[in-house]
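The structure appears below as structure tokens.
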Amino acid sequence: MKKNLPLIVALALPLLVVGIVLISVSVPAQELDIEHKVIFAVNNEPYGNYQDEYVYIVSDGRVERFDIQEFNESQHKRIRVPQEEPKLYIYDFETEELSELSSEEAGQFEIVKTGNISPEGYHLSYGYAGGSAGIFDLFGGYSGNYGWKIEKGNMSVFKELPDTSGIYWNADILGWVR
């Protein structure tokens, strides 16, 4: 038996690794239990916004346009780069639907909580779901995705929002609505 031990280990180890991979793939992914929707703005920066001179803010629990022309004029002279106008979006975690909002539509929602932590305690941030086109990140090139990283406790989930062409890196989370 001792003479065959290396042979037994050599055959058992790959089977054990394959079994662990099969189990980890078959275990269902952790589901998010986020009842609230998130409203966020893109290109919502008071410096460098050239075209329409406004940003979106939350005031008294509602999303409002804020004229920044006077704000920019009171600052030191800066080089302003033309950008796209700010856009508003709402994302529903239950249906996984992303919709663009007008400022009037956004103003009809009551913001129940501001910031990047949902009322359920999920932390939402811009993140990276790594990957490599190579073998075990040793050879080959980059193939990672960027999007929303959602964390709560030990759970971490990556979501790539549909139809956004990578806008989440420039997203300003305004608040959470029902």
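Tabulated data
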| read-out | value |
| --- | --- |
| Protection-proxy order for peptides 96-102, 86-92, each taking the mean of Cβ atoms within 10 Å per residue, highest first | 86-92, 96-102 |
| Accessible-area order (highest first, 1.4 angstrom probe) of the listed residues I20, I34 | I20, I34 |
| Cβ-derived FRET efficiency at R0 45 Å, K3 paired with F158, nearest 0.05 | 0.40 |
| Accessible heavy-atom area order of H36, H123, highest first, probe of 1.4 Å | H123, H36 |
| Residues of type lysines that K159 reaches as a straight line, Cα spacing below 27 Å, ignoring anything fewer than 8 places off in the same chain | K37, K87, K113, K149 |
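The values are calculated or read from the model by the stated rules, or taken from the named source; none is laboratory data. Being a predicted model, the structure only gives us computed values, none of them experimental. We place every Cβ from the backbone using ideal geometry, glycine too, and count neighbours over all the protein chains shown. To get the accessible areas, we keep the full protein, side chains included, count just its heavy atoms, and leave off ligands, DNA and RNA. Shrake-Rupley method; radii C 1.70, N 1.55, O 1.52, S 1.80 Å.
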